[in-house]
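What follows is a single structure, written as structure tokens, with notes after it.
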Amino acid sequence: MRAVSAGTTEAVYNLTVNESPEYFANGVLVHNCDALRYAVTTSERYWRPRLNLAA
């Protein structure tokens, strides 16, 4: 393990490719990540039954 400390700032990019969640970038297979949507949809079976929507 190595230490990481604050230093200079670098530009970062968030790229997406329509209709293709996986693609190659510089020879590396990458994936469009939508972690929040993934977390909500994969955990829905746990939280949905606990909703009390009766008014």
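The values are calculated or read from the model by the stated rules, or taken from the named source; none is laboratory data. Predicted, not measured: the structure shown is a model, and the values here were computed from it. All Cβ positions, glycine included, derive from the backbone under ideal geometry; neighbour counts span all protein chains shown.
Of all the listed residues (25, 6), the sole one being of a type outside the set (Lys, Arg), out of contact with any Lys or Arg (no Cβ under 9 Å at 6 or more places or on another chain), exposed (fewer than 10 other Cβ atoms within 10 Å of the Cβ) and modelled with pLDDT of 80 or more is 25.
Where the second residue is surrounded by 10 or more Cβ atoms within 10 Å (Cβ to Cβ) and the first is modelled with pLDDT of 70 or more and lies in the stretch 29-45, which pairs have Cβ atoms under 8 Å and are six or more apart or on separate chains? Pairs found: 29/23; 30/23; 31/21; 32/16; 32/17; 32/21.
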